[in-house]
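The values are calculated or read from the model by the stated rules, or taken from the named source; none is laboratory data. Bear in mind the structure is a predicted one, so any value in this text is a computation, not a measurement. Quick reminder, even Gly has a Cβ in these numbers, built from the backbone with ideal geometry, and neighbours come from all protein chains shown. Protein only, heavy atoms only, side chains kept; ligands, DNA and RNA dropped before computing areas. Shrake-Rupley method; radii C 1.70, N 1.55, O 1.52, S 1.80 Å.
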Amino acid sequence: MVRYVGGKEGSIGHLNNTDLRATVCPYCGLGCGIGVWDGSAFPLEHHPVSQGGLFLRGWASAELLKSPLRLVRGQIRDPSGRKQSVSIEDGLRLAVEKIREIKQRYGPESLAVLASARLTTEEIALIKKLADSLGTPHRDSFQRLGFLPFSYHYLDDVEAAQEITVIATDPAPRHPQVHRRLVRAYYHGCRIRFVGCRQAALSPLTTFVGTPPGWELDRVNGKGSGLTLLSSEVGLQGQGARAWNVLNRERTLFLTDYVNQRGLMEARCYPTRDGMGAFEILRAARDGRIKALLIFGDDPSEFFPSLTEEAFARLEWSVVVDHVQTKTSDRAHLTLPGSFLWEKEGTVCNTEGRVQQVGPIEKSPTGWTEGQIALFLTDQLGNGGNEVTPPPLPYSSSSVIPDTPDQDFPFLISLDFSTFWNNHIYCHAAVSVWREVRSEKADFPDGYLAINAEDAQAAGLRPFTLAIVESREGKITLRVRLDGRLGKGSVLIPVSLWEKVGAALGALSVDPSLKIPIFRPTAVRLQQARQ
Amino acid sequence: MSEATFGVEPGELYRPRLVRIVKVEDEIPETALTGPVRNFYLERHGLSFRPGQFAQITVFGAGEVPISLSSPPSLGDGIILSVRAAGFVSKALHRLKEGDRIGFRGPLGNGFPIESCTGYDLLFVAGGIGLAPLRSLLEEVLYRRQQFGRVLLLYGARTPRDLMFTRSIPIWQRQGVEVFLSVDIGDGVWEKETDPPRKVGVVTTLFSEVTLDPSRTVAFLCGPPIMIRFALLGLTRDLHIPPERCIATLERHMKCGVGKCGHCIVADKYVCVDGPVFNYAQLEKMASVEEPW
Amino acid sequence: MTEQVNMWISRTNLMEILTRWSQDGMLIAPKRAGGEVFFAPIDNVEEICWDYVNSLISPKQFLLPEGETLLSYERTDEGEWVINTPNLDVPEKIVFGIRSCDVAGIAYLDQFLLGRMFDRKIPPDPLYKRRRERLTLISVVCQKPGSTCMCVCCDGGPALKAGYDWQLTELSEGWLVEVGTEKGWALMETVKALVEPAETEAVTEKEERLAKVIENFQHYSPHHRVPTMAASRGVSRSLVKEPFWDLIGARCVECGGCSYLCPTCFCFNCVDLLTDPDGSTGQEEPFCPLAPGQGAGTCYKRVRFRDNCILEGFVRQAGGIYPRRNTGERCRNRFFHKLSWQFFQRMHRLGCTGCGRCVKTCLGEIGMSQVATEITDALTSGRKVALTGQRVGKGEAHV
């Protein structure tokens, strides 16, 4: 069942099994309508977002229902690392016991909760309530990424706009339905401008303004009349507060990355002024200040594998509730299976602020949802604290200043979002999508350094050979990949190398305005490595 | 060709037969840029095939890939596959040992038109691992040496270490094959030797070394796409061999091998059924739509 | 009774026939829910939707279902592999209400998957063949074409000459039934008490109605055959060059929707999936096969998934070789396959039947009719943009 409100209202009711069963695509933040028919997914023709179209990920989303990566049993890990099956009820009882013990011994501030933007808003609210009742200010999600609370615009507004500026993002792979609206706007005679270090797919048809990474906002006349589109890239380069100050808030649309990223914010599941953000929580766990971590559907090891490993080695107790097996759930003391979005009832909120109510189209294999688990824990552990409402983002107006390239360090390095398939674990769990994602990994198993062909030639770098990337703070060796769309003077690394390269080059830091980890665009120089 | 000799039972189009690996032999060691090449000797079970045909090989637990047969049909009761560990399945194949079983579906494809070449001089041009499918034809020709005129082999590889079948080359020479070798990058030692005659450079530089009568020559090519492209140009333009008698094999990643999955389309041809062996005239027609190499 | 005689059914008798089939559990017909039209098994003929253009989901899905098992293999305790092929037993089904464009699409699939298009005999796809034999196609001629429909331009409708088992046309009084196959006649035998031979007036009325339908096409008419044919000529003779395809490729996001919905697309990908005891299947993590000698009792399934030539991974060869590296080249391949004379000669028709689904689903507005129009424009506008090797600048891009 799908019911959608805002813009166009309508609904597609409950249908029986041989029919088309309507639900919402679980991937990016646009929330396309999907009809599951004979075990595979098809777009809904009369849904205001999908309008008969889906991206590859959505087309393959029915594979998630019976993916081998589904978690269907509770697992408990003994000190030697061996895993044993445990029933959900026993697991929950144990979790309650452990958390109560840790809270008594170290106080509520030693607990932290991470939620997920793949859950329904109601569930996230329950998880936030759990954190409140445990008395801990530390609750957040890595899936908040660089979220910025810009005003609501509908995709129809994009289609009808006369002037659009797209900052630092390429909607073609990241938000394909936005790409579609841009193409339509283009046919209506809209002036479209892409600002960034890498050309978007549509750039050949439109205007492209090349800038070094992190400096996009300098090239934007924020107070203009046109519509501005941006996504997490801006926040993750430390420009969150700046974007908030510079851009015309009424004319800006933020494109969310996860199906319910906006719901995560609306349920207020982000840190209070005293609370730590997700990245700081993980660091505190590594340093022994956080003793117990409850994770609902979040996957810190997607971005920070080493830090997650260190943190989990130090944690006294960790619970991961998720419906897919992740590197994080493998490390937890206790893993409990949740349910997939299509197996529960609730609402999700897309990038436009459109709330969609979804109902179960499949039976949950365990009968437990993440929300029910959070509710159970709140009942058992509650009454430690009052409800806390965090202030709206951003917390401060100071931005991180990116490097300026100079004679010695002529390139700026940043993250490559063109190969960032958000919701990575879902991509992994669906065979058809994974083939497309993995060709990247098959060609460059250890990651890559994307560089413009001319720059590569000037630096004496040949494709597939190793290059030494050196910043003022350190260096790292990466394999060269030529990228025809990348502008001169910029080099990019895949998001999966965020932690590794960021740490080596001193580019990994925290943006206090949004309380998120960032990759600060850093000046580097390149040289050929001895093969 | 009838359904029975198509290599698979009509009702069980996708079912491989179980075949045992009799012997595994290292051919080229691993390098920084390329994976190792090994020869896999398989049981044959009386299977008949033509040089240039391929088979879909299943590595159980990994998947199925097309691999060309590199032994001559006249060779006793075995089939040899020469495989580079490049992809997911071929790497898995390299983990198998003597006695393990693989799935074999084939032979598939059209194969070289060997019957129509009797009486001609044969020129083989191979690059890198492209010698594997040509070896099947070359050795088949040696089994029927009297039916053909001169046999020449021009073989090029990236480095001396990448040259395949170095143990067989002297044997071929003794059987009357005129062999010329080339490498893109020499190692300082290899260039010093003179037998067989050799050059540092791409394989097309060997064309100036040979003299032949274009009116009675058929050329067979296999190798990386860029080599095929330039070699075909050289053969027709410099050596004046008519395009119909320049015959090359194409490589595509087929999923079915039997003209169903659509993965191997090049222009309007299905490489698995219409090919993989095409002559230059056909290839040029395809190239007017999209480059097959 | 195989001579070409047209039959006639009254409205009530047609409902009677449909009721019988639905009671036998054989009937599949269009249904509507929340604006969406789709084919589904019908228990009660009241559920049938009569007022529809076409379903977004192509009926080819009945013949090429997603995730079909080609074979399975299992490791025994002795460490040997046992291969099993599925013994596919599908029930007889009758699809009522399929449109002509989809009938033409299935005829196209038959030509290819049953191995008829090659100059030597190729065995048919066994799974497709089995399903095809058990499927009866009862097409209903469209009388109200949709906004993206273009079957008149590519021999895909509104009515066909062959390919269907029955072709129904609604007339003022009842239904004209044209029977196209032996199977259709056999089916007719089973309901002969409810049908009667058609009067000549009925055939005349059908012709009149068809002429009216063709007039009613919203954007396309038989005159638009010209762009289709011009586009066909353009791709067949490579008159449209890379810069044109670059601009098509710039709009393509590689979603795959066009071929997932296309009634003539058949490409598939095979994947060997580990089969869990509790029925979930999937590829092994992290894409690493079992080391030989391990895992007795493990079972794998070789499953075919729908695939499409727009995706980068479609053409990838081992070691990272991509014969068609950029989206433009892949788009060219797709449109060549659909429109070219070369394939026309092999398949005896265009690869497009004009259903317009790709136009509805495309995220880059590069559906078949849109690209055909752009090719025609490029070929006729006199601007050399698409025809020369020059790259197109801003502003001229729509050419």
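General remarks:
- Part-to-part distance (alpha-carbon centres) for segment A:278-317 and segment B:27-41, which is given in Å: 43
- The mean count of C-beta atoms from other chains within 10 Å of the C-beta of residues in C:261-273, rounded to a whole number, is 4.
- Remark on B:Lys199: its backbone amide H falls under 5 Å from those of B:Leu181, B:Ser182, B:Val183, a criterion applied only to residues 5 or more positions apart or on other chains, H modelled at 1.01 Å from N.
- Seen from a random direction on average, the alpha-carbon convex hull of segment A:253-321 projects onto 5.4 square nanometres.
- Accessible area per residue for the protein assembly as shown is 36 Å², calculated with a 1.4 Å probe on protein heavy atoms, without ligands, DNA or RNA.
- Across the cross-link table entries A:Lys128/A:Lys344; C:Lys144/C:Lys360; C:Lys31/C:Lys93; A:Lys363/C:Lys360, which are compared at the Cα atoms, the separations over 22 Å belong to A:Lys363/C:Lys360.
- Take each peptide in C:327-334, A:52-59, count the other Cβ atoms within 10 Å of every residue, and average; sorted highest first, the result is A:52-59, C:327-334.
- A convex hull fitted to the Cα coordinates of segment B:164-248 yields 109 cubic angstrom per residue.
- In this Cβ point-charge picture (+1 for Lys and Arg, -1 for Asp and Glu), the protein assembly as shown has a dipole of about 2020 debye about its Cα centre.
- Shielding by partners - mean other protein chain Cβ count within 10 Å, residues of A:63-76: 3
- Choice from B:His253, B:His240, B:His45 showing the highest fluctuation, given a GNM over chain B with Cα pairs closer than 10 Å: B:His45
- Total accessible area lost when B and C pair, probe 1.4 Å, Å² to nearest 100: 4600
- Sequentially through segment A:332-340, phi angles give Karplus couplings (6.51, -1.76, 1.60; θ = phi - 60°) of 5, 5, 10, 10, 10, x, x, 10, 6 Hz, Gly and Pro residues having no value and appearing as x.
- Once backbone amide H atoms are built at 1.01 Å from N, A:Phe150 has A:Phe254 as its partners under 5 Å, excluding neighbours fewer than 5 places away on the same chain.
- Residue-by-residue Karplus 3J(HN,Hα) for segment C:9-26, coefficients 6.51, -1.76, 1.60, Hz, glycine and proline x: 10, 7, 4, 5, 5, 5, 4, 4, 5, 4, 4, 4, 5, 5, 5, 6, x, 9
- Considering only Cα atoms, the convex hull volume of segment C:62-130 works out to 118 Å³ per residue.
- Radius 10 Å from Cβ of C:Val45, net charge of other residues (Lys, Arg +1; Asp, Glu -1): -3
- Of A:Lys66/C:Lys60; B:Lys255/B:Lys285; B:Lys285/C:Lys241; C:Lys129/C:Lys301; C:Lys121/C:Lys301; A:Lys83/A:Lys327, those spanning more than 19 Å from alpha-carbon to alpha-carbon: A:Lys66/C:Lys60; B:Lys255/B:Lys285; C:Lys129/C:Lys301; C:Lys121/C:Lys301
- Looking at segment A:207-280, none of the GluC sites (Glu not before Pro) sits in a DSSP loop with at most 16 other Cβ atoms within 10 Å of its own Cβ.
- Value of Rg/Rh across segment B:32-191 [Cα atoms, Kirkwood radius]: 0.97
- The Cα-based radius of gyration of the protein assembly as shown, divided by its Kirkwood radius, gives an Rg/Rh of 0.97.
- Gaussian network model of chain C, springs between alpha carbon atoms under 10 Å - residue of C:Asp77, C:Asp24, C:Asp51 with greatest fluctuation: C:Asp77
- Order of exposure, largest accessible area first, which applies to C:Trp341, A:Trp421, A:Trp498 with probe 1.4 Å: C:Trp341, A:Trp421, A:Trp498
- Unit charges at the beta carbon, dipole of chain B: most positive-side option, B:Val179, B:Ile241, B:Thr205: B:Val179
- Ranking C:Leu114, C:Tyr73, C:Val235 by how far each Cα lies toward the positive end of the dipole of chain C (charges on Cβ) leaves C:Val235 at the top.
- Average beta-carbon neighbours from other chains, 10 Å sphere, peptide B:87-94: 3
- Dipole axis of the protein assembly as shown (+1 Lys, Arg; -1 Asp, Glu on Cβ), positive-most option in C:Gly367, B:Phe220, C:Cys262: B:Phe220
- Residue-wise HN-Hα couplings along segment A:482-499, as the Karplus relation 6.51 cos²θ - 1.76 cosθ + 1.60 with θ = phi - 60° gives them from phi, are 7, 10, x, 8, 7, x, 6, x, 10, 10, 10, 10, x, 4, 5, 9, 2, 5 Hz; Gly and Pro carry x.
- Take each peptide in B:120-128, C:249-257, C:25-33, count the other Cβ atoms within 10 Å of every residue, and average; sorted highest first, the result is C:249-257, B:120-128, C:25-33.
- The Rg/Rh ratio for chain C is 1.01, where Rg is the radius of gyration of the alpha carbons and Rh is the Kirkwood radius.
- Using a Gaussian network model of chain C in which every pair of alpha carbons under 10 angstrom is joined by a spring, one finds that among C:Tyr164, C:Tyr108, C:Tyr128 the greatest mean-square fluctuation is at C:Tyr128.
- Taken about its Cα centre, segment C:67-174 carries a charge dipole of about 440 debye when Lys and Arg each add +1 at the Cβ and Asp and Glu each add -1 at the Cβ.
- Dipole magnitude of segment C:229-280, debye to nearest 20 (Cβ charges: Lys/Arg +1, Asp/Glu -1, about Cα centre): 640
- Other residues whose C-beta falls under 14 angstrom from the C-beta of C:Val213 contribute a net charge of 0, scoring Lys and Arg +1 and Asp and Glu -1.
- Element breakdown for the protein assembly as shown at a 1.4 angstrom probe: carbon and sulfur atoms account for 50% of the accessible area.
- Net charge of Cβ neighbours under 15 Å - reference B:Leu153; Lys, Arg +1; Asp, Glu -1: +1
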